[in-house]
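Notes follow once the structure below has been shown.
The values are calculated or read from the model by the stated rules, or taken from the named source; none is laboratory data. Please read all numbers here as calculations on a predicted model, not as lab measurements. Methodologically, a virtual Cβ is constructed for each residue, glycine included, from the backbone with ideal geometry; neighbour enumeration extends over all protein chains shown. The area values use the complete protein model at the heavy-atom level, side chains included, leaving out ligands, DNA and RNA. Shrake-Rupley method; radii C 1.70, N 1.55, O 1.52, S 1.80 Å.
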Amino acid sequence: MTAWRALVVDDSLTVRMDLVEGLEAAGFEAVGCGSAAEARAALAGGRFDVAILDVRLGDGDGVDLLCEIRASEEELGRTPVMLLSSESEVRDRVRGLSTGADEYAGKPYVLSYVVARARELAEESRSSAPPDRATILVIDDSVSFREAIREALEAAGYRAIVAESGEDGLQKAAVMRPALVIVDGQLPGIDGVTVIRRLRLDAALRHTPCIMITASDIPDSEMGAFEAGVDAYLDKRTPPAEVVARVASLLARAAGPKASVRSALAANKLLVVGAGIQHLTTSLRSEAFDVVFAPTPEDAVLLAGVETPACVIVEVTSEAAGCKAIRAALSRPGAVLALTASDSDSRLAIDCLAAGVDEVVSRATPGPLLVARIRAQLRRKQAEEEGARERDARLARELTLAEARAAEALAEARAELLAELERKNAELAVANSELEAFSYSVSHDLRAPLRAIEGFSRALEEDQGHLLEEVGRQHLARVYGATARMRELIDDLLTLSRVTRAELRRGRVDLSELARIVGRELVGREPARPADVDVEDGLEVEGDKGLLRAVLENLMGNAWKFSAKRERTKIAVGSTVVDGARAFFVRDNGVGFDMTRADKLFRPFQRLHAQSEFEGTGIGLATVRRIVGRHGGRTWAEASPDGACIYFTLG
């Protein structure tokens with residue numbers, strides 16, 4: 001993967017060169033521009049992973065250039081932008097960040113902070129760092145030794161960066177996130193053991209493999225190094241080739257996860273609040289902090305809406321209300337330190353802690369101790385953030401496992417249900433087949449004895465009818481009526497059996513036309529009967545034309561039958577919308593039925609009126625339900641003193 005590309009736009013040659021050199025040392029391909037016009041030309045030549053813009057340029061405004069970059073993002077993709085400015089007013093920072101800047105650093109800037117933020121923004125832009133070569137950090141005050149190690153590492157394909165002191169090495173480690181650190185045991189300032197300890201305390205760097213190389217002959221130095229957390233301890237007389245081999249071995253075995261949190265050793269942004277402690281900004285910048293100053297808590301709250309400082313230092317004189325407002329305004333849980341006039345005011349300290357302050361410090365605290373307290377809070381917040389991320393990751397893994405287990409259990413349950421459903425369907429198919437065969441067989445087998453009964457009864461009437469008295473002839477009439485009803489029952493059973501077994505032949509069906517045909521047939525049977533048959537136009541459906549005609553014949557036949565006692569028969573066929581679906585109906589002005597017995601209406605052989613009132617077998621509506629069910633629909637009925645209405649839908 002190619003190196004990150006950084007655009008630096010500043011009309012100061014000194015600033016421009018300083019930033020370009022710092023970025024190139026961090027692995028960037030940096031392009032410096034002294035004007036807005038040069039920057040536009042550079043932007044036209046290709047996309048940058050990060051842009052650093054001065055707010056005040058000789059030929060324009062950096063914020064206006066930022067707006068141009070944002071306007072071109074649909075074509076080129078989003079470019080993270082950092083603004084640089086000597087303007088210290090809160091409103092200027094808010095304006096820049098609200099316009100779309102990702103970072104705003106004040107002048108004089110802290111180079112390590114600018115470079116570190118540029119790396120972070122570039123990583124977010126590309127979604128990953130360019131891992132073309134493993135980066136090795138060499139910390140040693142001997143120029144000849146570190147150059148020899150650097151040359152050996154680069155000859156082996158590694159990217160080597162060097163530092164001549166422990167402090168400089170820690171800063172570069174925080175910015176560069178090296179794959180491995182080689183550190184001398186004896187250094188100016190903090191020694192190698194202290195460097196190792198601080199690396200191991202930092203959540204972002206604690207898994208980095210470390211090699212200590214020293215010329216010390218102190219017997220306990222090796223023990224102290226391993227207790228601090230080194231992975232290998234070498235003598236300075238070790239040949240560079242062996243050092244490289246040790247590096248390769250440690251990197252091959254390194255299994256530590258890459259930290260997702262920011263290093264506490266890196267240059268962090270501090271927000272200093274209060275006119276009485278503005279003097280701290282200079283000393284804190286010397287400790288590689290990027291310092292933003294806000295005169296009042298109100299200004300700090302305004303800045304907290306657009307910036308995310310790692311730590312806020314608040315001057316507290318008499319009450320902690322400002323601390324509470326600042327804590328509430330922070331978009332993420334950064335550290336908050338309160339500086340009080342005295343460390344003996346317990347009431348004020350308690351109020352500050354209750355307001356959400358992490359630490360209460362006296363303004364008389366020496367600078368180095370104040371910096372140590374700030375870094376301690378940063379480490380604590382860093383550990384909290386790392387713990388939260390680990391909990392989230394663990395929860396995500398547990399949720400994934402739970403989902404997998406649930407999906408597996410669901411799949412097993414579904415398979416069991418499908419198997420059970422197939423078994424039930426098979427049993428139902430066998431039962432239906434047997435029932436259909438039984439119905440068909442019984443219907444056919446009953447015809448022969450029925451014909452015999454009717455035939456012998458006719459013969460008896462013809463041959464011996466003159467010998468029968470009136471009672472005997474009445475008995476014969478009842479036999480004829482019973483055989484006729486039995487024949488009708490058999491025919492209806494055969495019809496129901498055919499409806500169940502018949503293959504559905506779907507197509508476009510005009511129910512309006514079918515209803516008019518059935519209506520004409522009904523009127524034709526009793527032309528003298530006053531009747532109105534009203535059919536709605538446009539009742540077109542998908543279905544089996546023959547079976548749907550049987551539905552209308554049964555429903556309209558029932559309507560005709562049960563309205564026979566009215567002075568004028570009225571039958572209506574139409575449609576309506578029920579529960580968002582189209583439903584069809586056949587309504588009459590007949591005698592209706594008892595709604596408490598409506599559940600029996602569609603069952604075979606269930607009649608709600610006596611045979612003496614209305615003839616029939618009770619098969620018609622059962623046939624209707626069977627046909628409608630095969631079309632994926634449903635049936636129901638409603639009754640009133642003015643008649644009955646049968647509804648049905650079709651899937």
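Some values worked out for this structure:
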{"quantity": "Rounded FRET efficiency, nearest 0.05, which uses the C-beta distance separating S286 from D59 and R0 of 60 Å", "calculated": "0.95"}
{"quantity": "Helix axis angle, 240-253 relative to the chain longest principal axis, alpha carbon, degrees", "calculated": "20"}
{"quantity": "Electrostatic dipole magnitude of the chain [Cβ: Lys, Arg +1; Asp, Glu -1; Cα centre; debye, to 20]", "calculated": "2240"}
{"quantity": "Where labels lie 7 Å past Cα in the beta-carbon direction, separation of E242 and D642 in nm", "calculated": "10.9"}
{"quantity": "For the chain, alpha-carbon Rg and Dmax in angstrom", "calculated": "46.7, 147"}
{"quantity": "Folded to 0 to 90 degrees: helix 166-176 orientation relative to the chain principal axis, Cα", "calculated": "30"}
{"quantity": "Loop-exposed trypsin sites (Lys or Arg not before Pro) per DSSP, neighbour cap 11 Cβ within 10 angstrom, longest uninterrupted part of the chain", "calculated": "259-504"}
{"quantity": "D594 paired with A431, simple spin-label distance in nm, labels 7 Å along Cα-to-beta-carbon", "calculated": "2.9"}
{"quantity": "Carbon/sulfur fraction of accessible area - the range 89-194, other protein chains in place, 1.4 Å, %", "calculated": "47"}
{"quantity": "Nearest-10 value in Å² for the accessible area of I161, using the 1.4 Å probe", "calculated": "20"}
{"quantity": "C-alpha long axis of helix 143-155 to longest principal axis of the chain, angle in °", "calculated": "30"}
{"quantity": "Estimated FRET transfer efficiency when R0 is 56 angstrom, pair A484-D579 (beta carbons, to 0.05)", "calculated": "0.85"}
{"quantity": "Extended-chain gain in nm, criterion 0.36 nm per residue less alpha-carbon gap, L399 and R133", "calculated": "92.2 nm"}
{"quantity": "R451/L476 FRET efficiency (R0 22 Å; Cβ-Cβ; nearest 0.05)", "calculated": "0.85"}
{"quantity": "Fraction of beta bridges assigned by DSSP in the chain that are antiparallel (%, nearest 5)", "calculated": "30"}
{"quantity": "Rounded accessible area per residue of the chain, 1.4 Å, Å²", "calculated": "50"}
{"quantity": "Inter-centroid distance (Cα atoms) of the range 20-72 relative to the range 188-229, Å", "calculated": "40"}
{"quantity": "Length gained when the stretch E384-E521 is fully extended (0.36 nm per residue, less Cα-Cα span)", "calculated": "40.7 nm"}
